[in-house]
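Below you'll find the structure, written out as structure tokens, and then a few comments.
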Amino acid sequence: MYNFNINSFVNKLQKKFRTKNPFEIAEACNINIKYRDFKDLKGMYTVMQRCPFIFLNISLDEHMEKVVLFHELGHHFLHRHHAVSAFKEHGLYDMSSKLEIEANIFAANFIISDEEVMENAGYGYTSEQAAKALCVPHEVLLIKLNDMNSRGCKLNIPYIPESGFLA
């Protein structure tokens, strides 16, 4: 899967599942969600004995939990064939890894619609203000803006997130 297809793929999934709730989507896909007390890891996707699992850090707040869950769902939908065993911890949220970039774009597109971006731009919000209004980390909005630009929009992006922003 390539960046320019992820937004349309997300739109198809939203129509199929008729929800933007990541927990409902995981349940519909028979993905087991487990909570763990990870030290440095926010989440992980793996397949064990043909059963998909998403492990989430128990200490995540509600908004970050949603971001991480959508990121891991991105791995499920886009990279399931790579999850024979757990993704390596040092590769998660690495913006230099194609798999992590795609999972981040998947999450950003599921959480934030193009219309929400344009609505907030119409209010004259800075990207930081728009992220706060949308209840997402600033970096997730920047990923969304960058993806929209790759699809032909001409949005002003203050910077591209650093590799470890979700680490």
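Observations on the model:
- Residue check for GLU102: crowded, with 17+ Cβ neighbours inside 10 Å and either modelled with pLDDT of 90 or more or in contact with a helix residue (DSSP H, G or I) (Cβ under 6 Å, 6 or more places away or on another chain) (or both): yes
- Those strands (runs of 3 or more DSSP E) lying entirely in the range 1-61 with at least 1 residues closer than 30 Å to CYS153 by Cβ and over 14 Å from the mean Cα position of the chain (by Cα): none
- Lone qualifier among LEU73, LEU13, LEU60, LEU56 - being out of contact with any strand residue (DSSP E or B) (no Cβ under 7 Å at 6 or more places or on another chain), free of Cβ contacts under 8 Å to residues at least 24 places away in the same chain and either surrounded by 15 or more Cβ atoms within 10 Å (Cβ to Cβ) or among the β-branched types (Val, Ile, Thr) (or both): LEU60
- Filtered by the rule that a residue be among the polar types (S, T, N, Q) and either within 16 Å of VAL67 (Cβ to Cβ) or in a helix (DSSP H, G or I) (or both), the range 124-142 gives SER127, GLN129.
The values are calculated or read from the model by the stated rules, or taken from the named source; none is laboratory data. The model shown is predicted, which means the values in this text are computed figures rather than measured ones. Counting neighbours? That spans all protein chains shown, and the Cβs are built from the backbone with ideal geometry, glycine included.
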